[in-house]
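Since the structure comes first, as structure tokens, the remarks are kept for the end.
Here, each number is a calculation from the coordinates, and none is a lab measurement. Treat the numbers as computed from the prediction; the structure is a model and nothing was measured. Cβ coordinates were reconstructed from backbone atoms using ideal geometry, including for glycine residues, and neighbour counts include every protein chain displayed.
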Amino acid sequence: MTTSTVMRLLDEQERASARFYQGLAERFPAQHALWSRCASVCAKNQVQVARSFQETISDALEVGYAFSDLLLAELTVPAASAPNDLAGAVGLAQTLEEQAARYYEQLADSAESLLATIPRTLRRAAENRRRNAANIGALQG
């Protein structure tokens with residue numbers, strides 16, 4: 001799988017995730033701060049991952065780098081509309097965060113042959129998404 005394909009997917013996933021959380025922030029005002037923070041984390045991940053890839057892309061192109069053994073079907077892009085009930089929103093958000101974290105970790109492992117900045121950035125994005133998942137999980141009690 002080419003780096004370009006992976007980057008398009010990550011960009012789409014993070015932007016859609018940010019919109020999803022912004023929708024949750026509007027729908028559930030009592031948890032506005034949490035959902036807004038999750039949206040900010042997604043936006044930050046999108047920028048940092050794109051920057052990391054752009055900074056090292058010429059090296060990757062020189063060696064014809066492509067990702068192998070990635071399962072794109074495992075990464076879900078959230079729907080634009082937020083669920084109406086908080087329990088549904090929490091469950092969907094936790095699933096989204098765990099899937100994203102696993103995907104970033106898989107990408108980081110696949111990118112080990114690139115310069116260290118890319119795997120490090122991907123692992124940081126995975127940590128950010130796992131932190132979101134933990135914060136969201138706290139809503140369940």
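Distances between every pair of Cα atoms in the range 1-40, grouped in 10 Å steps from 0 to the bin holding the largest one, split as 34, 35, 21, 10, 1 percent.
Label-to-label distance, residue 109 versus residue 87, with points set 7 angstrom from Cα along the beta-carbon direction: 3.5 nm.
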